[in-house]
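Data block below; observations after.
Just so you know, all these numbers are worked out from the coordinates, no wet-lab data involved. This is a predicted model, so every value here is computed, not measured. For neighbour counting, all protein chains shown are included, and Cβ atoms are generated from backbone atoms with ideal geometry for every residue, glycine included.
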Amino acid sequence: MKEKVLITGISGFIGKNLYNSIKNEGYDIFLSSRDTSVLPKEYSNSFRIIDWDLEKENILHDKIDILVHLAAEKKNTDKMWQVNFLGTKKLVVAAIKSGVKKIIFLSTVSIYNIEKYKIIHESFDEYSTNPYGISKLAAENFIREICENNNIDFTIIRPTDVIGFEKKSFLSLVKSVQKGYFYYFGDYKKIKTNYLAIEDLCQCIIYFIKNKYNNDFIINDSVELYSIINRISKSLKVESPKLSLPKLLGLSVSTICDYSQNLTKYKLPFNSSRYNELTNLTIFSSAKLDKNTTFNHKHSLLNKIEELTKFYLKNDFLK
């Protein structure tokens, strides 16, 4: 008999990609979203759809073997605790009542306090003070405790920033390289990035569905920023930028841009978030994942960057 897998947050970026990765894996798939009306007809024609709103009380009427919980509130800070912790708690309790055998929970590296460390390992005990990180960490702790008390397998996955064709995360960066407007700040050869190809995250989730590991893991594909810029330049067939400006200048400009954004409500291509990205020295380590499992990254970040750049070119996003 096929194992029944319930995937929440199926209308989101990660959920849609996971659907495409897992649909032919031989499971009896159940899909859930707070608004099932937005789901493609392909979903309802092929799989069972479950209406589930993490802000409300719900009951699982079907027996579920494996719960893959992706759904989360990332934008509205007023709802993060209600959805990400209290909603997760309701869902997990309902899943246990339905006879769930395994829970895969998608958390975030936002649970960590990144102000003091250059390499973040799972063993660090200083955690985030932002609402999203706090809500996710609380959900992690609840899942770990209730699963251990009920002899239920669980895996907590903490990805970094996930990139794919549906997200335009790199569009402004690629445009700036294409037009010759890109500049480094400080010693650019020390700057690291923390990104992950969506294909790797989906395969990681499927790996843990198939394998038993009662643990938590960071998944990341950290590379040097200049390697990304060189790959973008090569794909665009333009000269790779090498000019580096003083960090203080970048900080000053980003502060002014933030102020302008707050006044005009118009997002600028350069702000403090982009400045922090271009001066980042923090690395989220996947060492625990690499050491304790047999999972392998098959889709390198640099290859994904090249694919994205060519995708932007092909679809005229760079005009």
What does the charge dipole of the chain about its Cα centre add up to, to the nearest 20 debye, if the Cβ of each Lys and Arg holds +1 and the Cβ of each Asp and Glu holds -1? 860 debye
Quick one: which residues, 5+ away or cross-chain, put their amide H under 5 Å from the amide H of residue 112? H built at 1.01 Å from N. 128
Out of the stretch 211-273, which chymotrypsin sites (Phe, Trp or Tyr not before Pro) are coil in DSSP terms and have no more than 13 other C-beta atoms within 10 Å? 266
Using unit Cβ charges (K, R positive; D, E negative) and no other charged atoms, how large, in debye to the nearest 20, is the dipole of the stretch 173-319 about its Cα centre? 240 debye
Calculate, for residue 62 and residue 243, the FRET efficiency according to 1/(1 + (r/R0)^6) with r their C-beta to C-beta distance and R0 51 Å; round to the nearest 0.05. 0.30
Report the calculated FRET efficiency for residue 268 and residue 20 (r = Cβ-Cβ distance, R0 = 30 Å), to the nearest 0.05. 0.35
Explain nothing, just compute: Karplus ³J(HN,Hα) = 6.51 cos²θ - 1.76 cosθ + 1.60, θ = phi - 60°, for every residue of the stretch 71-79 in order, whole Hz, x for Gly and Pro. 4, 6, 9, 10, 9, 8, 5, 5, 9
Amide H to amide H under 5 Å from residue 30: which residues, 5+ apart in sequence or cross-chain, H placed 1.01 Å off N in plane? 5, 6, 7
Where labels lie 7 Å past Cα in the beta-carbon direction, separation of residue 13 and residue 101 in nm: 3.4 nm
At 7 Å along Cα-to-Cβ for each site, give me the label-to-label distance between residue 74 and residue 151 in nm. 3.8 nm
In order through the stretch 5-20: 3J(HN,Hα) via Karplus (6.51 cos²θ - 1.76 cosθ + 1.60), integer Hz, x for Gly, Pro: 10, 9, 10, 8, x, 6, 7, x, 4, 5, x, 5, 6, 5, 4, 5
For a 20 Å ceiling on Cα separation, which of these pairs sit above it: 90/210; 212/288; 167/242; 210/304; 75/167? 90/210; 167/242; 210/304
MRE, 222 nm, helices only [DSSP H, n ≥ 4, -39500 (n - 2.57), over the chain, to nearest 500]: -12000 deg cm²/dmol
With θ set to phi - 60°, apply the Karplus curve 6.51 cos²θ - 1.76 cosθ + 1.60 along the stretch 302-319 and write out the HN-Hα couplings as whole Hz, x wherever there is a Gly or Pro. 4, 5, 5, 4, 5, 4, 4, 4, 5, 5, 4, 5, 4, 9, 6, 6, 9, 7
Can you give the charge dipole size of the stretch 218-272 about its Cα centre, rounded to the nearest 20 debye, using +1 on the beta carbon of Lys and Arg and -1 on the beta carbon of Asp and Glu? 160 debye
Describe numerically, in nm with one decimal, the distance between label points set 7 Å from Cα along Cα→Cβ at residue 127 and at residue 189. 4.0 nm
Where both partners of a DSSP beta bridge lie in the chain, what percent of those bridges are antiparallel, to the nearest 5? 10 percent
Going 7 Å from the Cα of residue 118 toward and past its Cβ, which residues in the stretch 184-206 have a backbone nitrogen under 12 Å from where you end up? 190-192
Label of the coordinate-derived value, Cα Rg over 2.2 N^0.38 Å, listed as (i) 1.28; (ii) 1.05; (iii) 0.99: (ii)
